[in-house]
Amino acid sequence: MENWLMLTLVGKDRAGIVAKISQALFDLNGNLGETSMTRLGGNFTIMLMVCVPEKKSVVQKKLQTICDELELFFHLDEIEGELHQHIEPDVRISIHGADQAGIVARATGSLAEAGLNILNLESDVGGHPDSPVYVMHIEGVAGMGLVNLEKALQKFSRENDVVARMAPIDTMVG
Amino acid sequence: MALLDILVYPDERLKKISQPVKEFSDNLKQFILNLEETFRSFPGCVGIAAPQVGRFERVVLVDISHKPQHENHGFLILVNPKISSSAGSNVGREGCLSVPDYTGKVERSVSITLEALNEKGEKKVFQMKGYEARAVQHEIDHLDGKLFLDRLVSRRNALSKRIELST
């Protein structure tokens, strides 16, 4: 049986984090699955799936040494791999406006009520530091149909004074 | 007729450049029938190119007529297809029979002028846009040894740097 772990890692961004972490996992004969590695603010973040023949405790020890050196925090969880089971999104939603507390909670709450299953959400804070702008992109599956979702999105947009638009995703397979 | 095997990436043969069709033989007609049967065996698929089944000649089939919300020319047999002009660009999501379990965002021209021969060798010219134009560009890429993977737009920043349009 395959032994999959989810590594969650965060720390101050610096050059070489990905190289050192992935080399350490390779040295343990680890095989990476799907990953998300990105800079959020001044931090570098990693979430990655790795299949390793070693026990979690061995991986923990190996990573601890490197993470201490790079001043990174990390966490390991045993998970099911479940690769090759991608779900195709059928809708894309973009929201932007002046940054305001609770915007993500209100947006995703409205959309969840209208049947949206979020597969991917990315958000950024841009604009001038004195008047930040929040930009959010969501891809997901409209479980209760696009019409329901559109109505919920328009209502959310009116009530929160943000620009919100959605477009169906019609994946072209050739 | 016969179902043909689909080459699946990372099969190196998908990188081969296909050669123009020179002879409109019975063999070509039979191949096109087999290619169509193979194409029809994948519901939801809108196109197929000869090299995807290991025949490295410039033949593609496109049919998006089961998606009537998109303008289309019906079932197209395109031999030696060539895009003579193109305009605009947008990003849309693509998948491929030769790349199972993965889809990604690809930038394509919005509208194209397409010149091709039909299965009898007669010259045809099409003006296409949107989804159908995307499908044709995807299939012609196969003839040049390219997959949509070669044209992927970065996931994270693709949306914030340009308006993504649904085609």
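Bear in mind these aren't lab numbers, they're just calculated from the coordinates by the rules spelled out. Please read all numbers here as calculations on a predicted model, not as lab measurements. Methodologically, a virtual Cβ is constructed for each residue, glycine included, from the backbone with ideal geometry; neighbour enumeration extends over all protein chains shown.
Straight-line cross-link partners of A:LYS12 among the lysines, defined as a Cα under 29 Å from its Cα and at least 8 positions apart when in the same chain: A:LYS20, A:LYS55, A:LYS56, A:LYS61, A:LYS62, B:LYS161. The mean sequence distance of close C-alpha pairs (under 8 Å, at least 6 residues apart), as a share of the length of segment B:1-154, puts its relative contact order at 25 percent. With runs of 4+ DSSP H residues as the only contributors, calculate the mean residue ellipticity of the protein assembly as shown at 222 nm using -39,500 (n - 2.57) per run, divided by the residue total and rounded to the nearest 500. Value at 222 nm, helices only: -8000 deg cm²/dmol.
Taking Cα centre as origin and charging only the Cβ of basic (Lys, Arg, +1) and acidic (Asp, Glu, -1) residues, the dipole magnitude of segment A:104-157 rounds to 240 debye. For A:VAL133, what charge total do you get from the other residues with a beta carbon under 10 Å from its beta carbon, if Lys and Arg give +1 and Asp and Glu give -1? With Lys, Arg at +1 and Asp, Glu at -1, the net is -2. Projecting label points 7 angstrom from Cα along Cα→Cβ for A:LEU32 and B:ASP26 puts them 5.5 nm apart. Less than 5 angstrom separates the built amide H of B:LEU97 from those of A:GLY174, all sequence-distant by 5 or more or on a different chain.
Using the Cβ-Cβ distance between B:TYR9 and A:VAL104 with R0 = 30 Å, the FRET efficiency computed as 1/(1 + (r/R0)^6) comes to roughly 0.25. Considering only A:HIS128, A:PHE73, A:PHE156, and ranking their Cα positions along the charge dipole of chain A that arises from unit charges at the beta-carbon of Lys, Arg, Asp and Glu, the one farthest toward the positive end is A:HIS128.
Residue exposure proxy: A:THR38, A:THR65, ordered by other Cβ atoms within 10 angstrom of their Cβ from fewest to most, comes out as A:THR65, A:THR38.
Per residue of B:89-96, other chain Cβ atoms within 10 Å of the residue Cβ number 3 on average. Against the main long axis of the alpha-carbon atoms of chain A, helix A:56-70 sits at an angle near 80°. Can you tell me the FRET efficiency between B:PHE75 and A:GLN64 if r is taken as the Cβ-Cβ distance and R0 is 45 Å, rounded to the nearest 0.05? So the FRET efficiency works out to roughly 0.15.
For segment B:1-151, rounded, prolate or oblate, judged on the Cα gyration tensor with a ≥ b ≥ c (square roots of eigenvalues), a/c < 1.5 rounded, else prolate if a/b > b/c? It comes out rounded by the Cα gyration axes.
Between B:SER154, B:GLY121, B:SER41, the Cα set farthest toward the positive side of the dipole of chain B (charges on each charged residue's Cβ, about the Cα centre) is that of B:SER154. Couplings 3J(HN,Hα) of segment A:122-135, computed from phi: 10, 9, 9, 10, x, x, 7, x, 6, 9, x, 10, 9, 10 Hz, in residue order, whole Hz [Karplus 6.51 cos²θ - 1.76 cosθ + 1.60, θ = phi - 60°; x for Gly and Pro].
A simple charge model with +1 on the Cβ of Lys and Arg, -1 on the Cβ of Asp and Glu and nothing else charged puts the dipole of segment B:20-161 at about 540 debye relative to its Cα centre.
Fewest-first ordering of B:ILE17, B:ILE83 by other beta carbons within 10 Å of each residue's beta carbon gives B:ILE17, B:ILE83.
For B:LYS82, a cut-off of 16 angstrom between C-alpha atoms picks up these aspartates and glutamates, skipping any fewer than 8 places away in its own chain: B:GLU57, B:GLU115, B:GLU119, B:GLU122, B:GLU132, B:GLU139, B:ASP141, B:ASP144.
In order along segment A:36-46, phi translates into HN-Hα couplings of 9, 10, 7, 8, 10, x, x, 9, 9, 10, 10 Hz, rounded to whole numbers, per the Karplus curve 6.51 cos²θ - 1.76 cosθ + 1.60 with θ = phi - 60° and x for Gly and Pro. Centre-to-centre, using Cα atoms only, segment B:61-110 and segment A:54-88 are separated by 40 Å.
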